[in-house]
Amino acid sequence: MTLIKSGVPSRDELSTVIPPRQKLEKGPVVVVECFQEIPCNPCETACKQEAIRVPNINDLPIVDHELCNGCSLCISKCPGLAIFVIDETYSPNEALVKIPYEFLPLPEEGDIVTALDREGKVLGDARVLKVQDGKYQDRTAVISITVAKDFSMEVRNIKVRG
Ligand code: SF4
Ligand code: SF4
């Protein structure tokens with residue numbers, strides 16, 4: 001089932017945006033999960049490395065993962081909350097994942113939160129490493145979490161525990 005029907009990208013759609021394994025093994029890299037052709041390009045203008053191009057305003061973004069340095073500047077600029085940065089080199093067993101987050105309350109650094117997949121299903125625990133407050137970036141906060149490395153391409157949201 002496609003994104004249009006379900007609200008969740010299909011495995012085929014995701015396979016077109018996952019960075020190459022050799023890039024993932026080097027350090028942080030962007031994953032742009034944007035699959036709807038809408039007039040939008042702040043991801044392109046945010047990227048100083050020119051790693052994201054939107055040739056025409058209705059096109060899907062084209063990502064050159066080799067040019068991406070994982071700076072994360074594009075995450076909070078995406079109105080579709082479709083951009084993530086993954087670092088599978090964080091530790092032997094854990095990946096660091098940066099996600100856009102627009103709910104309140106924000107988590108706090110050091111919190112254990114619930115890691116959710118694209119459909120909102122529970123994956124397990126995540127630890128909050130850093131919270132970049134959204135009030136300086138169009139109200140979209142960027143939350144850095146660590147999760148089991150197996151979940152690096154699955155976790156795309158969190159639930160803050162009361
Ligand atoms: S993480 Fe940084 S370098 Fe990579 S695409 Fe986003 S803005 Fe560009
Ligand atoms: S800013 Fe986000 S929604 Fe807009 S084109 Fe880029 S990735 Fe897609």
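The values are calculated or read from the model by the stated rules, or taken from the named source; none is laboratory data. Remember, it's a predicted structure, so these values are computed and weren't measured experimentally. Neighbour counts are summed over all protein chains in view; Cβ atoms, including those assigned to glycine, are modelled from backbone coordinates with ideal geometry. Heads up: the accessible areas ignore ligands, DNA and RNA and are worked out on the full protein's heavy atoms, side chains in. Shrake-Rupley method; radii C 1.70, N 1.55, O 1.52, S 1.80 Å.
All but one of (1) open to solvent by 80 Å² or more (accessible area, probe 1.4 Å); (2) more than 15 Å from ligand 2 (Cβ to nearest atom) hold for GLN36, so report the exception by its number.
Result: GLN36 fails condition (2) only.
If only one of ILE62, ILE86, ILE99, ILE158 is touching a Ser or Thr at 6+ places or on another chain (Cβ under 9 Å) and closer than 20 Å to GLN36 by Cα, which one is it?
Going through ILE62, ILE86, ILE99, ILE158 in turn, the sole match is ILE99.
Residue under question is LEU60, and the condition is that it be among the aliphatic types (A, V, I, L, M), within 9 Å of ligand 1 (Cβ to nearest atom) and on the phi < 0 side of the Ramachandran plot; does it hold?
For LEU60, the condition - among the aliphatic types (A, V, I, L, M), within 9 Å of ligand 1 (Cβ to nearest atom) and on the phi < 0 side of the Ramachandran plot - is not met.
Based on what the data block shows, is LEU67 modelled with pLDDT of 95 or more, open to solvent by 40 Å² or more (accessible area, probe 1.4 Å), among the hydrophobic types (A, V, I, L, M, F, W, C) and within 14 Å of ligand 2 (Cβ to nearest atom)?
So LEU67 does not fit the description; no.
Does ARG53 fit the bill of being open to solvent by 60 Å² or more (accessible area, probe 1.4 Å), at pLDDT below 95 and of a type in the set (Lys, Arg)?
No: the conditions fail for ARG53.
Kindly indicate whether any position in region 84-101 is in a loop (DSSP other than H, G, I, E, B) and on the phi > 0 side of the Ramachandran plot.
No, every residue in region 84-101 fails to be in a loop (DSSP other than H, G, I, E, B) and on the phi > 0 side of the Ramachandran plot.
Can you name every residue in region 46-56 that is near ligand 2 (Cβ under 9 Å from one of its atoms) and not in a strand (DSSP E or B)?
Listed by number, the residues that qualify are ALA46, VAL54.
Is it the case that region 70-83 has a residue that's within 13 Å of ligand 1 (Cβ to nearest atom) and assigned to a strand (DSSP E or B)?
Yes, region 70-83 contains a residue that is within 13 Å of ligand 1 (Cβ to nearest atom) and assigned to a strand (DSSP E or B).
Out of all the residues in region 100-119, is one or more surrounded by 14 or more Cβ atoms within 10 Å (Cβ to Cβ) and within 13 Å of ligand 1 (Cβ to nearest atom)?
Checked region 100-119: at least one residue is surrounded by 14 or more Cβ atoms within 10 Å (Cβ to Cβ) and within 13 Å of ligand 1 (Cβ to nearest atom).
Evaluate the following for LYS130: is it part of a helix (DSSP H, G or I) and either in contact with a Cys (Cβ under 8 Å, 6 or more places away or on another chain) or open to solvent by 50 Å² or more (accessible area, probe 1.4 Å) (or both)?
For LYS130, the condition - part of a helix (DSSP H, G or I) and either in contact with a Cys (Cβ under 8 Å, 6 or more places away or on another chain) or open to solvent by 50 Å² or more (accessible area, probe 1.4 Å) (or both) - is not met.
Name the single residue, out of those in region 72-89 being under 15 Å from PRO19 (Cβ atoms) and more than 10 Å from ligand 2 (Cβ to nearest atom), that is surrounded by the fewest Cβ atoms within 10 Å (Cβ to Cβ).
It comes out as THR89.
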